[in-house]
Amino acid sequence: MRDHKHKNKHKHKHTTHRREGEEQGAAPGTMAESRSTIAFFGTSRPPVALDLFSCPANPPPSSPRDEQRLTDGVSYNHNGRAIPAAALKELLAFLAEKKDPALALAGGATPEEVDKGGVTGLVFVSGRDNGLETLHVALRTTGDKTTVLSLADIYGADTFGGIRMEDSGCLAGGFEAGGLTVGHSLVYVSTKGPAAARRTPCPWTVVYKTNLADGTTERLTPPDQYDLNPAVSPSGQRVAVANFRSGEIGRLKTDIVVMNVDREAQGGLGRSILIKDGGWPTWGSDNVIFFHRGVDTKDPASTDWGVYRYDLTTKDTIKVTPDDIQAMTPAAIDKTTVAVAVTRETSMDRTRKEQHRHIEIFEVGKPASPVVITHGTTPLADHYSPFVLDGGSRVGFHRCRTDDDKVNTTADPKKKLSSPAATHKDGGLAGVFPSISNDGSKICYVDNEFRSVWVADEKGPRPVHSVRNKIRVLSTTWNQDMSKDTIYFCEGTADHLQICALEGASELRPNDRNMRRLTKGKFNDAFPSSNPAGTKFVFRSTRNRSGRPEDAKYNNLYIMEDAEEGEWGEGTVTQLTDGPWTDSHCSWSPRGDWIVFSSSRDRDILDSAGCFSIFLVLATDRKVLVRVMSLPGHVCHPIFSPDMDNLVVTSDVAVVSADPVSLPIFIASGRPYGDMFSIKLRDTTDINKNKDIMEFHRITHTRYEYSKPSWTIYFGDDPNDKWPTNSSVATPPCAPPLSMHWCLGEVLGALKVLATNLPNA
């Protein structure tokens with residue numbers, strides 16, 4: 001069964017791209033900087049920041065006062081692991097040798113203080129690096145003073161730099177083998193290197209090992225293999241990983257693979273499959289591994305999750321958790337005891353603590369008698385990814401912050417990140433289907449309940465159109481002619497959507513706005529996009545123009561010839577594409593002659609999961625059609641850059657970068673599609689020269705799912721410069737926040753230049 005978390009909590013993201021070109025009016029060859037902005041929405045990432053906390057395990061906490069925050073409270077923080085004292089001493093010794101006094105001091109932490117019990121360490125994932133999900137170290141000294149350093153700060157950007165995602169940091173080493181002393185190292189996941197086989201969907205998740213004493217780094221995952229969730233045995237000698245086979249969204253299909261930590265001292269890595277169909281390994285001893293496993297149910301959209309124990313000596317596997325709960329992401333305390341994230345009841349109501357994800361401790365052989373850790377602290381919150389502290393006397397986890405936590409959730413906006421990609425700044429606001437106006441002055445979007453269309457501009461954010469009962473709204477887009485101040489959107493039910501126009505959309509008074517339905521008939525009409533003149537729009541529809549009832553299940557593209565009249569009066573509709581497949585996600589080019597869209601036409605139409613490729617079609621001649629990109633997976637929601645040099649798409653070609661069951665899951669995230677990628681067009685005048693482009697560039701690296709981009713001119717480093725949230729305009733309490741999670745970092749280089757120098761794909 002699926003565990004529904006943070007229902008309908010989507011966030012817009014904003015990414016700024018810089019490209020180089022000749023400055024208008026400048027001397028030939030003079031290069032000047034120009035920028036543009038991409039907005040898109042993501043799912044599973046809560047709009048309220050995550051942070052790391054811990055509670056006593058025995059006896060369990062009885063009140064919120066028993067809970068302790070483990071970080072300094074800056075940004076999103078999650079997926080923590082304690083740093084053993086011996087490993088922490090090596091890390092601090094390395095810091096002491098650095099010339100940077102700010103790092104060398106590290107809040108007063110020294111190796112000597114570790115021996116005295118005055119310093120503890122935690123490695124965790126944080127978004128403070130301008131939105132990148134990267135590993136950091138928290139050093140807590142006497143008096144509960146916490147200093148947080150990024151691994152890039154400690155070991156340099158050569159290893160811990162660039163656009164990437166890092167995860168699952170754990171500590172290995174500290175043993176002798178083969179006549180050698182093996183020092184401590186950090187074992188972790190990174191997506192910094194592109195997957196070798198990029199023509200098939202596969203993760204970019206690779207496990208690396210970085211020596212704490214000198215920063216040397218080694219890849220542990222073999223070529224053409226992809227690993228998640230590394231865990232180190234208590235002796236520090238072996239690493240267990242979840243090795244990717246297939247799957248995405250709700251359930252990954254992974255095997256647990258075990259290997260040595262040091263190939264030189266241990267005579268090779270000795271990598272081998274230990275457990276089939278298992279994930280999220282954790283060592284109870286050097287001979288015991290706990291793991292979680294998803295089991296299919298009669299409902300194809302549902303999975304039952306449980307935690308199991310495998311004995312390496314006897315080869316026996318037993319289930320530790322009962323069958324009537326959802327149990328996942330285990331953290332072993334010892335060989336018979338394990339902390340688990342548990343949901344006891346699955347319900348849309350979510351008013352009871354049993355309907356939330358909580359941390360419980362299970363003892364092998366006693367599935368009915370767990371120790372419940374978090375019911376007494378934050379009963380109506382979800383708790384994720386437990387880990388063990390202080391030898392098992394405390395259990396850590398991450399959860400969303402509450403109003404009582406009173407912490408700083410903003411990152412340093414001055415901090416920049418260098419990488420060989422386009423300038424990339426990222427921020428967030430709550431909602432879905434964002435569309436930025438061509439002049440960058442305003443944005444429209446749909447609220448998280450799919451009940452209202454919102455506009456945000458210099459007057460502040462506000463709802464401009466709302467629906468009731470079972471009706472929903474989605475897929476907003478501005479008319480490209482900004483003088484019209486018109487938003488197109490879809491309104492209806494899952495089976496029957498109509499395209500509507502909201503004229504005067506940014507007007508403050510309701511009487512100055514006018515909503516009109518433009519399509520008629522009981523069809524599924526969606527994803528409108530206007531031509532530059534704003535006189536027509538293209539859309540996808542299930543309407544059956546051929547008269548064959550069996551074709552009603554397919555979607556093709558149509559052009560509304562009069563964007564103001566629609567199908568009413570003398571308005572007409574022209575069919576642009578035709579066939580027994582799904583054409584969708586259409587977008588009209590800024591120049592007006594091409595339309596880009598996604599289509600399943602070159603896939604098996606009986607494949608219920610669907611596979612989509614990107615096509616270009618001439619707006620005035622349906623016979624001129626070119627496939628731009630085809631991958632075995634979803635490549636969807638294509639849009640043009642303002643200069644038409646590039647396309648941006650959302651795709652699952654990188655599959656996922658974290659185990660989806662560890663993330664907040666909610667109903668509305670049905671098919672978000674993955675990460676954002678850009679495609680450099682070969683020719684912007686001859687459509688046929690853009691056939692089957694093989695090269696692409698990954699823009700985002702995230703554990704969450706991103707979708708439905710909007711690309712427009714650069715509107716500034718901070719949207720609040722244009723869209724203030726402290727506007728005097730009255731807004732209801734549920735107004736989506738516009739200021740959360742703003743910077744993702746600055747990346748040096750130009751998209752236009754980069755596209756010609758990408759690695760072979």
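Brief remarks follow.
- Stretchable slack from E458 to R65, in nm (0.36 nm times residue separation minus alpha-carbon distance): 137.2 nm
- Residues with amide H under 5 Å from that of F387, placed H, sequence gap 5 or more: G396, F397
- Heavy atoms of V656: accessible area, 1.4 Å probe, square angstrom to 10: 10
- Between region 293-319 and region 450-508, the alpha-carbon centres lie 45 Å apart.
- Here the simple spin-label model places points 7 Å from the Cα toward Cβ, and for N514 and K691 these points are separated by 4.7 nm.
- Scoring 497-509, 174-186 by mean Cβ neighbours within 10 Å over their residues and listing the highest first yields 497-509, 174-186.
- Element breakdown for region 220-359 at a 1.4 angstrom probe: carbon and sulfur atoms account for 46% of the accessible area.
- Candidate residues H637, H496, H697: accessible-area rank, largest first, probe 1.4 Å: H496, H697, H637
- Subset of K623/K689; K253/K315; K470/K520; K116/K335; K520/K553; K536/K689 violating a 25 Å alpha-carbon distance limit: K116/K335; K536/K689
- Modelled this way, with points 7 Å down the Cα-to-C-beta line, the labels at K98 and D277 are 4.6 nm from one another.
- Among 361-369, 589-597, the order from most to least packed when residues are scored by Cβ within 10 Å on average: 589-597, 361-369
- When peptides 377-386, 208-217 are ranked by their average number of other Cβ atoms within 10 Å per residue, the highest-first order is 377-386, 208-217.
The values are calculated or read from the model by the stated rules, or taken from the named source; none is laboratory data. Predicted model only: the values in this text are computed from it and were never measured. Neighbour counts are summed over all protein chains in view; Cβ atoms, including those assigned to glycine, are modelled from backbone coordinates with ideal geometry. Only protein heavy atoms, including side chains, enter the accessible area calculation; ligands, DNA and RNA are left aside. Shrake-Rupley method; radii C 1.70, N 1.55, O 1.52, S 1.80 Å.
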